[in-house]
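**Q** Before we start, here is the structure in question, set down as structure tokens.
The values are calculated or read from the model by the stated rules, or taken from the named source; none is laboratory data. What you see is a predicted model, and the numbers here were worked out from it, not measured in a lab. Heads up, the Cβs are rebuilt from the backbone with ideal geometry, glycines too, and the neighbour counts pull from every protein chain shown. For accessibility, only protein heavy atoms count, side chains too; no ligands or nucleic acids. Shrake-Rupley method; radii C 1.70, N 1.55, O 1.52, S 1.80 Å.
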Amino acid sequence: MDPTFKIHGLSAFYGAKEVLKGININILPNSVTAIIGPSGCGKSTFIRSLNRINDLILNFHTAGKVFYHNQDIYAKDVDVFDLRRRIGMVFQKPNPFPKSIYDNIAYGLRIHDFTTREMIDEIVQKSLKKAALWDEVKDSLKQNALTLSGGQQQRLCIARTLAIEPEVILFDEPCSALDPISTAKIEELIHQLKQNYTIIIVTHNMQQAARVSDYAGFFLLGELIEFDKTEVIFKAPKDKRTEDYITGRFG
Ligand SMILES: Nc1ncnc2c1ncn2[C@@H]1O[C@H](COP(=O)(O)OP(=O)(O)O)[C@@H](O)[C@H]1O
Ligand SMILES: [Mg+2]
């Protein structure tokens, strides 16, 4: 299977400070890849380099190559807006717009002259179903999204991302603000979504990484220390530093 991403010697800098150092990884389609490591080791910077959302930060720059389906995403002719539609993102803190549940999903859609209300209704319904939220909100689509619980808000943000029909979804600690029941729902959802999407999830929860991912990469101080199948990382890591981290000896 052709990798979704081929990452060759990716380094990242905020000003002169190098926070990612020569990362090499292939990310496979229809799989979940977990990025683990202590706070500040570059996990967020890494995933934010994959859809160029960090371009929005002044003084941020990268070196090395990120190929998305063999396209160099940092090449000059890349349409960054299109790239970000294909590579969606869900953040740590649920961030719905202060609008209705319905509008949260309808808002980002590409509306053409020929788009009918019925077509939008259908996308809203389909996206909420895929995000396992439909049954809970189908009778209150006009309600303000901010009245939902944190876990529901996060699933709404996932629905909003799915509505744009991305191929990849980047999750940056999507459950760290959620209770255990909501967390379990999101994990179950991620497990289902991998049938149709390429998923990368940053998590500092080791159990979560072990439960949801197929592959895992351990980062430390901007370096990728080890990358392998999740069961290898957790049961037979090759590097002492990985072992120390997953057994809770530091971090
Ligand atoms: N906007 C920024 N400007 C300068 N330094 C930053 C910025 N964002 C992150 N950093 C630094 O980059 C390093 C990696 O951060 P980050 O990718 O957020 O790590 P993680 O997600 O693993 O906690 C840290 O040292 C952090 O302080
Ligand atoms: Mg982070």
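**Q** Show the residue pairs that are 6+ apart or on different chains and have beta-carbon atoms under 7 Å apart, the first residue being within region 54-66 and on the phi < 0 side of the Ramachandran plot, the second being charged (D, E, K, R) and crowded, with 17+ Cβ neighbours inside 10 Å.
**A** Partner pairs satisfying both residue conditions: 54/48.
**Q** Restrict the check to region 210-231 and report whether at least one residue is touching a His at 6+ places or on another chain (Cβ under 8 Å) and more than 16 Å from ligand 2 (Cβ to nearest atom). Can you show your working first?
**A** Our first condition is that a residue be touching a His at 6+ places or on another chain (Cβ under 8 Å); within region 210-231, this holds for 212.
Subset that is more than 16 Å from ligand 2 (Cβ to nearest atom): 212.
Yes, region 210-231 has at least one match.
**Q** Further question: Restricting to region 98-135, what's the tally of residues that are of a type in the set (Ser, Thr, Tyr) and under 19 Å from residue 193 (Cβ atoms)?
**A** Here is the first cut: in region 98-135, the ones of a type in the set (Ser, Thr, Tyr) are 100, 102, 107, 115-116, 127.
This time we only want the ones that are under 19 Å from residue 193 (Cβ atoms), so: 127.
So the count comes out to 1.
**Q** Ok, one more. Looking only at helices (runs of 4 or more DSSP H) that lie completely in region 123-202, which have at least 3 residues being under 20 Å from residue 93 (Cβ atoms) and out of contact with any Ser or Thr (no Cβ under 7 Å at 6 or more places or on another chain)? Working first, answer last.
**A** Working: elements: 134-137, 150-163, 180-193.
Answer list for region 123-202: 150-163, 180-193.
**Q** Select from region 132-149 the residues that are over 10 Å from residue 102 (Cα atoms), open to solvent by less than 70 Å² (accessible area, probe 1.4 Å) and at pLDDT 95 or above and list them in ascending order. Talk me through it step by step, then tell me what you get.
**A** Our first condition is that a residue be over 10 Å from residue 102 (Cα atoms); within region 132-149, this holds for 132-136, 139, 146-149.
Then keep just the ones that are open to solvent by less than 70 Å² (accessible area, probe 1.4 Å); that gives 132-134, 148-149.
Listed by number, the residues that qualify are 133, 134, 148, 149.
**Q** Going through region 28-73 one residue at a time, which ones are farther than 17 Å from residue 224 by Cβ, more than 19 Å from the chain's Cα centre (by Cα), open to solvent by 50 Å² or more (accessible area, probe 1.4 Å) and not hydrophobic (A, V, I, L, M, F, W, C)?
**A** Matches in region 28-73: 59, 61, 70, 71.
**Q** Looking for something open to solvent by less than 30 Å² (accessible area, probe 1.4 Å), modelled with pLDDT of 95 or more and in contact with a Ser or Thr (Cβ under 7 Å, 6 or more places away or on another chain) - is there at least one such residue anywhere in region 104-122?
**A** Yes.
**Q** Just to verify a result, which residue in region 74-90, among those that are open to solvent by less than 80 Å² (accessible area, probe 1.4 Å) and in contact (Cβ under 8 Å) with a residue 40 or more places away in the chain, is farthest from ligand 1 (Cβ to nearest atom)? Write out each step before concluding.
**A** Residues of region 74-90 open to solvent by less than 80 Å² (accessible area, probe 1.4 Å): 74-75, 78, 80, 82-85, 87-90.
Okay, now just the ones that are also in contact (Cβ under 8 Å) with a residue 40 or more places away in the chain, so 85, 87-90.
Numbers: 85: 23, 87: 17, 88: 18, 89: 13, 90: 15 Å.
Ranking the candidates gives 85 first.
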